[in-house]
Amino acid sequence: MRLNQASDFALRIVMQCALQPEISITVSDVVTKQNLSRAHVMKLVARLGRTGILRTIRGRSGGFRLGREASTISIGDVVRAVEADFAVVACMQPSDGECIDCCFLSSCSIKGVMHRAVRAFMKELDSASIEDMCKKMPLPEIFKHQMT
């Protein structure tokens, strides 16, 4: 299973917040330091804020930071917040009345296997917290000057 770019960027944003819990991070800071698109960062921060993963702070000295302890945020939480769906084959997608053209559809057992695979994948992502990931890595040099 492959996650989309939004998951990659969202995880980077959340990890930056976890590695710098004492400061409010700004969109501009993420854009500059991580070389990400401003539009993407703004969209992801809004989504992560709606789910409580990030807490957004308005105003002149605003920004965002983790909405709860890094130990309580799993990689799975972040991925679910930004991924549109987890359909790995077309027949797993919610039907909007459109018929899927597959001669095996009425008797196929692959869909069940794919559902179990997605559940196992998400279970693994749920087993790792953002705190776990940050403990295993040093603070990147580009963030160090903000610490003082």
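The values are calculated or read from the model by the stated rules, or taken from the named source; none is laboratory data. None of the values given here were measured: they were computed from a predicted structure. Neighbour counts run over all protein chains shown; Cβ positions are idealised from the backbone, glycine included.
Can you confirm whether residue 138 is surrounded by fewer than 10 Cβ atoms within 10 Å (Cβ to Cβ), at pLDDT 75 or above and on the phi < 0 side of the Ramachandran plot?
yes
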Lone unmet requirement of (1) within 20 Å of residue 136 (Cα to Cα); (2) of a type in the set (Gly, Ala, Ser); (3) over 15 Å from the mean Cα position of the chain (by Cα) for residue 59: (1)
Pair list, Cβ < 9 Å and 6+ apart or interchain, from region 104-120 residues that are outside any helix (DSSP H, G or I) to residues that are aliphatic (A, V, I, L, M) and surrounded by 12 or more Cβ atoms within 10 Å (Cβ to Cβ): 104/110
Output for region 30-49, where each listed residue is surrounded by 18 or more Cβ atoms within 10 Å (Cβ to Cβ) and over 18 Å from residue 85 (Cα atoms): 30, 36, 41, 45
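Of all residues in region 51-70 being hydroxyl-bearing (Ser, Thr, Tyr) and surrounded by 13 or more Cβ atoms within 10 Å (Cβ to Cβ), which is farthest from residue 29 (Cα to Cα)? Talk me through it step by step, then tell me what you get.
Filtering region 51-70 down to residues hydroxyl-bearing (Ser, Thr, Tyr) leaves 51, 56, 61.
With the extra rule that they be surrounded by 13 or more Cβ atoms within 10 Å (Cβ to Cβ), the set shrinks to 51, 56.
On the way: 51: 22, 56: 14 Å.
Ranking the qualifying residues of region 51-70, first place goes to 51.
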Those helices (runs of 4 or more DSSP H) lying entirely in region 1-75 with at least 1 residues more than 30 Å from residue 88 (Cα to Cα) and in contact (Cβ under 8 Å) with a residue 40 or more places away in the chain: 5-19, 27-34
